[in-house]
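Student: Structure provided below as structure tokens; questions to follow.
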Amino acid sequence: MTLGKENDSAAISEISVCIANYNGVNLLDACIESVNSQNFDVSVEIIVHDDDSSDGSAEHMRTRYPDVRLIQSKRNVGFCVANNRMAAIAQGKYLLLLNNDATLLPDALAVLQAEAERLARPAILTLPQYDAESGALLDIGSLLDPFCNPVPNRDAACNDVAMVMGACLWLPKSLWEDLGGFPDWFGSIGEDLYLCCRARLAGHPVRALSISGYHHRVGQSFGGGKALEGRLVTTYRRRALSERNKTFVMALCYPAAPLLLLLPLHIVLLLIEGLVLCVLRREWQPLLDIYLPVLAACWRRRKSLRTLRGDVQAGRRSSLRVFFSVFRILPHKLSLLFKHGLPRLT
């Protein structure tokens, strides 16, 4: 990992915008310009972590944006490590984790800071998420079902949510440090779910504001994750990471009583889901590439899970009622199945 010599120091800033990039040279300009064009008279630093891109992203950053703090990784380390590295060198009082395929509306930073100052307590915040192509509202944060599947919230009056997407996630740097950032071994996908669940368990608000917003090219940076022509499309890799890391979050963040009930049920339902997909697709790939690896990963990471769970639960300040108040009983996968049918795996 190298930090560009031309920008290896930075003045103290109010906000540090952290952009993880992998082969996103065609996305970076719009993302960075949306930050630079904010209607906001507060010092902002931009940090970009280039994850061993092969498309010339690092060279493009050095040439076009010499004032951006660039971290160039010598190997691909994933979204979690990338953001941990950026947060470690960030000079800002606040961090905004921003996807390279996301662009902020002009008043986004002003709205986020105003809410942070109004709350006067550490909190995780986000803004309404809009589809970059259609302009449609995707969510105002998300609720969760019992198995940690995000349930998009589109109710502008519902601001206290279970989680916000890592595509646009704001929090004080002090809270990031208190929560310990992202577990490096999550890799990518679900790290935002973990951070929000851990924050709520510790008694910190997770809020999605109903004004301003950001546009997001969902799936552009990782593949899949959205509906095309009314049908959900995803990749084997995305689905495998998602199922694995949602299981990790349950194991880490659910208090003991609901964990003993919901985690075994979750595992059984995952295996049934995998078998059904195998029968319908007439191949074993879904079970072998998505569902069985969840069990293997939990076994391999059992020591890490046990250690981190001890830390997470030791910091618990929320009651069961408060923690689960932003959960919905109906499994969200059933709603998606009725609406879109079986997902197309690529």
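Student: When residues of region 66-81 are filtered for being closer than 19 Å to Val44 by Cα and out of contact with any Leu (no Cβ under 8 Å at 6 or more places or on another chain), how many remain?
Tutor: 3
Student: May I ask you to verify whether Asn99 is under 20 Å from Ile32 (Cα atoms), assigned by TED's automatic domain parsing to the domain that holds Ala167 and within 19 Å of the chain's Cα centre (by Cα)? It would help to see each step written out before you state the result.
Tutor: Working: under 20 Å from Ile32 (Cα atoms): yes; assigned by TED's automatic domain parsing to the domain that holds Ala167: yes; within 19 Å of the chain's Cα centre (by Cα): yes.
Against the criterion (under 20 Å from Ile32 (Cα atoms), assigned by TED's automatic domain parsing to the domain that holds Ala167 and within 19 Å of the chain's Cα centre (by Cα)), Asn99 qualifies.
Student: Could you please find all residues in region 62-94 being surrounded by fewer than 19 Cβ atoms within 10 Å (Cβ to Cβ) and farther than 19 Å from Asp29 by Cα? So that I can check it myself, show each step before the final result.
Tutor: To start, the set of residues in region 62-94 that are surrounded by fewer than 19 Cβ atoms within 10 Å (Cβ to Cβ) comprises 62-67, 74-76, 88-89, 91, 93.
Listed by number, the residues that qualify are Lys74, Arg75, Asn76, Ala88, Ile89, Gln91, Lys93.
Student: Search region 154-165 for residues being crowded, with 24+ Cβ neighbours inside 10 Å and outside any strand (DSSP E or B), and hand back the single one that is nearest to the chain's Cα centre (by Cα). Talk me through it step by step, then tell me what you get.
Tutor: Within region 154-165, the subset crowded, with 24+ Cβ neighbours inside 10 Å is 161-165.
Restricting the remaining residues to those that are outside any strand (DSSP E or B) gives 161-162, 164-165.
Values: Val161: 14, Ala162: 12, Val164: 7, Met165: 4 Å.
Ranking the qualifying residues of region 154-165, first place goes to Met165.
Student: Taking region 17-47 as the search range and keeping residues that are without any contact (Cβ under 8 Å) to a residue 40 or more places away in the chain and among the β-branched types (Val, Ile, Thr), which one is farthest from Leu96 (Cα to Cα)?
Tutor: Val25
Student: What pairs can you find where one residue is in region 66-92 and in contact (Cβ under 8 Å) with a residue 12 or more places away in the chain, the other is among the aromatic types (Phe, Trp, Tyr) and surrounded by 21 or more Cβ atoms within 10 Å (Cβ to Cβ), and their Cβ atoms are less than 7 Å apart, with a gap of 6+ or different chains?
Tutor: Asn76/Tyr22; Cys80/Phe182; Cys80/Phe186; Asn83/Phe182; Asn84/Phe182; Ala87/Trp176
Student: Consider region 50-85. How many of its residues are closer than 20 Å to Leu169 by Cα, of a type outside the set (A, V, I, L, M) and assigned to a helix (DSSP H, G or I)?
Tutor: Number of matching residues: 6.
Student: While we're here: Any idea which residue in region 111-125 is surrounded by the most Cβ atoms within 10 Å (Cβ to Cβ), counting only those that are assigned to a helix (DSSP H, G or I) and without any contact (Cβ under 8 Å) to a residue 40 or more places away in the chain?
Tutor: Residues of region 111-125 assigned to a helix (DSSP H, G or I): 111-119.
Checking which are without any contact (Cβ under 8 Å) to a residue 40 or more places away in the chain leaves us with 114, 117-118.
On the way: Ala114: 14, Glu117: 9, Arg118: 9.
Taking the candidates together, the pick is Ala114.
The values are calculated or read from the model by the stated rules, or taken from the named source; none is laboratory data. Since the structure is predicted, the reported quantities are computational estimates derived from the model, not experimental observations. All Cβ positions, glycine included, derive from the backbone under ideal geometry; neighbour counts span all protein chains shown.
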